[in-house]
Amino acid sequence: YDIRIWDFLIDQSKTFSTTIIITTHYVEEARRADFVGFMRYGKIIEEDRPDNLMTKFNQNVILEIILF
């Protein structure tokens, strides 16, 4: 993925103290987010900070969390 896009989005969210909502099928992008939520069949199944979720599910790859 293009890291410049993430750098821009992070800068914008800090500069303007705003929330940016991103949806992606490339789940590893979520590693750079402050907070993530995973949905299945229209319902949130997990939400937390990426590092907390990886610890909770004992995973090093975010994709593995949603496969649980």
Hey, if you put +1 on the Cβ of every Lys and Arg and -1 on every Asp and Glu Cβ in the chain, which of F68, T24, N58 ends up farthest toward the positive end of that dipole?
-> F68
Helix 3-15: angle to the longest alpha-carbon principal axis of the chain, degrees 0 to 90, nearest 10?
-> 70 degrees
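Find how much the distance from F68 to T15 grows on full extension, using 0.36 nm per residue of separation minus their present alpha carbon separation; answer in nm with one decimal.
Working: separation 53, 0.36 × 53 = 19.08 nm, distance 3.60 nm.
Separation in residues times 0.36 nm, less the Cα-Cα distance, equals 15.5 nm.
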What figure in square angstrom, to the nearest 10, would you give for the accessible area of L67 with a 1.4 Å probe?
-> 120 Å²
Computed [θ] at 222 nm, helices only, for the chain once each DSSP H run of length n ≥ 4 contributes -39500 (n - 2.57) = -10000 deg cm²/dmol
How many percent of Cα pairs in the chain exceed 14 Å?
-> 60 percent
So, with +1 on the Cβ of K and R and -1 on the Cβ of D and E, and no other charges, what is the size of the charge dipole of the chain about its Cα centre, to the nearest 20 debye?
-> 140 debye
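The values are calculated or read from the model by the stated rules, or taken from the named source; none is laboratory data. Computed from a predicted structure; not experimentally measured. Glycine also receives a Cβ, built like all others from the backbone with ideal geometry; neighbour counts cover every protein chain displayed. All accessible areas refer to the heavy atoms of the entire protein, side chains included, with ligands and DNA or RNA removed. Shrake-Rupley method; radii C 1.70, N 1.55, O 1.52, S 1.80 Å.
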